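The numbers here are math on the coordinates, done by the rules we state, and not lab data. None of these values were measured; they are calculated from a predicted model.
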C-alpha cells in the first residue's frame, strides 16, 4: 500500500515544478474539463414539467368545483 503524500509535500512539489517551468519557459499542463452531468438536468426538467401539470390540473379542478357550487 503506497502511503499518501502529505498536503505540504504535495504543495512543495507543485511549487518546485512551477518554479522550474518559470525558468525553462514550459507551459503548465492543461487540466481536463469535468463533463457536466446531463441526467441531473433532464430529471430536473421532468420534475418541473410534472409540477406544472399538477398545478394546472389542480386549478382546473378548483374552477370546476366553483362552477358546480354556483349552479
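What is the angle, in °, between the Cα long axis of helix 38-70 and the longest principal axis of the Cα atoms in the chain? Nearest 10 is fine, range 0 to 90. So the helix axis and the longest Cα principal axis differ by about 20 degrees.
Computing Rg and Dmax of the Cα atoms in Å for the structure here picks out one of (1) 22.3, 68; (2) 29.6, 88; (3) 17.1, 63, namely (2). You can think of it this way: the chain between residue 14 and residue 38 has 5.3 nm of extra reach, that is 0.36 nm per residue less the Cα-Cα gap. Taking Cα atoms, how many degrees apart are the long axis of helix 7-24 and the longest axis of the chain, rounded to 10 and kept between 0 and 90? Roughly 70 degrees, rounded to the nearest 10.
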